[in-house]
Structures are given as structure tokens and as C-alpha cells.
Amino acid sequence: MGKRKKPNRATDLRRLLRVPSDERIDLAARDPRAVPTGPGHKSAGRDATARLGRRLAGLQERLWAAGTTGDRRRVLLVLQGMDTSGKGGTVKHVIGMLDPAGCRVTGFTAPTPEEREHHFLWRVERELPRPGEIGAFDRSHYEDVLVPRVRGLVPPEEIEARYEEINRFEQRLTDDRVTVLKCFLHISYEEQRRRLLRRLDRPHKRWKFSPGDIDDRALWPAYQEAYEIALHRCSTPNAPWYVIPADRKWYRDWAVARLLLEHLEALDPRYPEPDYDLETCRERLLKGA
């Protein structure tokens, strides 16, 4: 047996995992257990993610500092995926490495009666990151073209209109200096079964389980199709989608952290210059002030 090819650590994940804006994606053709680049095994992946965390924290501090002096740039990380795909785990292991003062995390569940009285983007706009912040959405506005499509809750023509509304919404965000990073956490049908069984087997995880999760598995093909359509219709040049192989949790965390790092490095935020005289302040302190 030949030696396993060493992954290319220099590969730009923005190119490798990006959903082309002009192609229909076939999720069945993408391996959820793939390790296309980066660390090749679990322990190396965890070490690599920890190293990324130190670099991310430094860039986050610079972004937050720049935001205090008028820089409007901020980042929105959108996490979507089937139940158990690891949206919450990604927030914990990636965003959890950052200073919470500069982060804004929101989880979107089924709309409340108040939210149903408004446009579907209303509740999302209220939770957007402020200048200097990194925001993370555990589920997002995409729920409104996924669940209604699969369950027939909204007329097809309204679903069609929502794709364009989402594209215009995200264009407005990027025009307002929001970097939109959208990650679809791609898991397999069998991996979801294993994770649901684990929730039943472990008392401290049973609070996450609902019998409805089993019912939803019957809709797996419909959800996969709905995701393929959303990824195709809403992967735009300014706000593309990335498909993250998510059967291996350690690789999922590394890939999202690496993508976030690449986007922050492209922003290259800088600490603001002081608006006071350094030498004057130093002299006052040295003289006992």
C-alpha cells in the first residue's frame, strides 16, 4: 500500500469548499467524511484548531478595536445543516475561542407568534453584528426557504421570491461592509443516526433529543433537495456558500475556523492610531500623575 498523500496545508479553503454561483450542487456526490486538505487525523486537527484560535483571537481584537473608532466592518458567520450536523458545536469550539465581548451569537428556532407577524427577515435584521463584532447564526434566514419548502407551509411562488429577497438582503449587508461567511455543515444519513442514538444513550444529552427528530429523517431526501436549491440559488460572488464535510467533528471545527481566519486575514483589520500625544501622557505618568 502506498503512503497516504500529505494534505496541502496551504490550500485556500475559500476556493476548495466554495459552491460555484453558476452550478447546481449535488450533495450526494460530496463525501461528508472527506478530509480534502489540512490536518489528516483527529489529534492533529484539534492541535491545528487550537493554533488557529490564537491567530483568530488576535485578528478579532484588531477588528473590535477598529470598530470603536468608526470602522464599520464586521463578520457574520451563518451555520446551516441538518439536525445533529454540529451547528452548536461549531459555535462552541470556534467562536468559543474568541473574546465574547466582540461576539454576538444567535440561535434561530421556529418563529414566535410575534415574529410571524413580520417579514421573515425582520428577526434576522435585529440580530446582525454591530461594527467590529463577529456574529454567528445557529440556523438563519435560510430556514424560511428550507422548512416551508419541505413541509409545504408556504406557496411555491412565495418560496421562489424569497431566494431573491435573501440575495438582495445579503448584498445590502456586504455593501454595508459586512463579510458574510455561510457554511453548510454536510453530514451523512448514517452519521445523523449515530448522533441521535448517542443522545438517547447519554443522559446529559437527552435534553437535545426530540421524537420529532426521527420523523424528520423520513424527509431527508426532500431536505437534501431543498438545501441543494438554496445553495445554488443563493451562492453569490459577494456571499458564497461553503460546504463543510461534517461527519468528522474535529475536521468540521478546523475547516470553519480556517475559513474564518482566511476571511479575517483578507480584511486585515488594524489597531486604530491613538488620538492623544504619547510622549505627553508618558511624561505625566513618569512625573507621578
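The values are calculated or read from the model by the stated rules, or taken from the named source; none is laboratory data. Values in this document were obtained by computation on a predicted structure and should not be read as measured data. All Cβ positions, even for glycine, are placed from backbone atoms using ideal geometry, and neighbour counts span all protein chains on display. Side chains are part of the model used for accessible areas, which takes the heavy atoms of the whole protein and leaves out ligands, DNA and RNA. Shrake-Rupley method; radii C 1.70, N 1.55, O 1.52, S 1.80 Å.
Scanning the range 16-37 for residues that are over 22 Å from residue 191 (Cα atoms) and out of contact with any helix residue (DSSP H, G or I) (no Cβ under 6 Å at 6 or more places or on another chain) yields 16, 18, 20, 21, 22, 23. So in the range 253-267, with the set limited to residues that are more than 16 Å from the chain's Cα centre (by Cα) and of a type in the set (A, V, I, L, M, F, W, C), which one is surrounded by the most Cβ atoms within 10 Å (Cβ to Cβ)? Applying the filter and picking the extreme gives 267. When residue 11 is tested against (1) open to solvent by less than 80 Å² (accessible area, probe 1.4 Å); (2) assigned to a loop (DSSP other than H, G, I, E, B); (3) at pLDDT 95 or above; (4) not basic (Lys, Arg), only condition (3) is not met. For the range 92-124, a residue qualifies if it is open to solvent by 80 Å² or more (accessible area, probe 1.4 Å) and touching a residue at least 40 places away in the same chain (Cβ under 8 Å), and the qualifying residues are 93, 99. Pairs are defined by a Cβ separation below 7 Å, a sequence spacing of at least 6 or placement on different chains, a first member in the range 36-65 that is in a helix (DSSP H, G or I), and a second member that is among the hydroxyl-bearing types (Ser, Thr, Tyr) and open to solvent by 90 Å² or more (accessible area, probe 1.4 Å); the pairs so defined are 62/271; 65/271.
Provide a single number: the residues in the range 42-91 that are of a type in the set (Ser, Thr, Tyr), under 23 Å from residue 248 (Cα atoms) and surrounded by fewer than 18 Cβ atoms within 10 Å (Cβ to Cβ). Spell out the reasoning first.
Step one: list which residues in the range 42-91 are of a type in the set (Ser, Thr, Tyr), which gives 43, 49, 68-69, 84-85, 90.
Those still in the list that are under 23 Å from residue 248 (Cα atoms) too: 43, 49, 84-85, 90.
With the extra rule that they be surrounded by fewer than 18 Cβ atoms within 10 Å (Cβ to Cβ), the set shrinks to 43.
Number of matching residues: 1.
Among the conditions (1) buried (at least 19 other Cβ atoms within 10 Å of the Cβ); (2) over 27 Å from residue 21 (Cα atoms), the only one that residue 136 does not satisfy is (2).
What about residue 206, is it farther than 29 Å from residue 118 by Cα and in contact with a Ser or Thr (Cβ under 9 Å, 6 or more places away or on another chain)?
On the way: farther than 29 Å from residue 118 by Cα: yes; in contact with a Ser or Thr (Cβ under 9 Å, 6 or more places away or on another chain): no.
Considered against the rule, which asks whether it is farther than 29 Å from residue 118 by Cα and in contact with a Ser or Thr (Cβ under 9 Å, 6 or more places away or on another chain), residue 206 comes out as no.
When the criteria are applied in full, residue 242 fails the requirement of being of a type outside the set (Val, Ile, Thr), more than 14 Å from the chain's Cα centre (by Cα), under 23 Å from residue 167 (Cβ atoms) and not in a loop (DSSP other than H, G, I, E, B). A search for C-beta distances below 6 Å between a residue of the range 151-179 that is within 14 Å of residue 237 (Cα to Cα) and in contact (Cβ under 8 Å) with a residue 24 or more places away in the chain and any residue that is of a type in the set (S, T, N, Q) and surrounded by fewer than 16 Cβ atoms within 10 Å (Cβ to Cβ), counting only pairs 6+ apart in sequence or on different chains, returns 174/238.
Okay, residues lined up against (1) open to solvent by 50 Å² or more (accessible area, probe 1.4 Å); (2) in a helix (DSSP H, G or I); (3) among the hydroxyl-bearing types (Ser, Thr, Tyr):
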residue	(1), (2), (3)
229	no, yes, no
247	no, no, no
251	no, yes, yes
269	no, no, no
275	yes, no, no
282	yes, yes, no
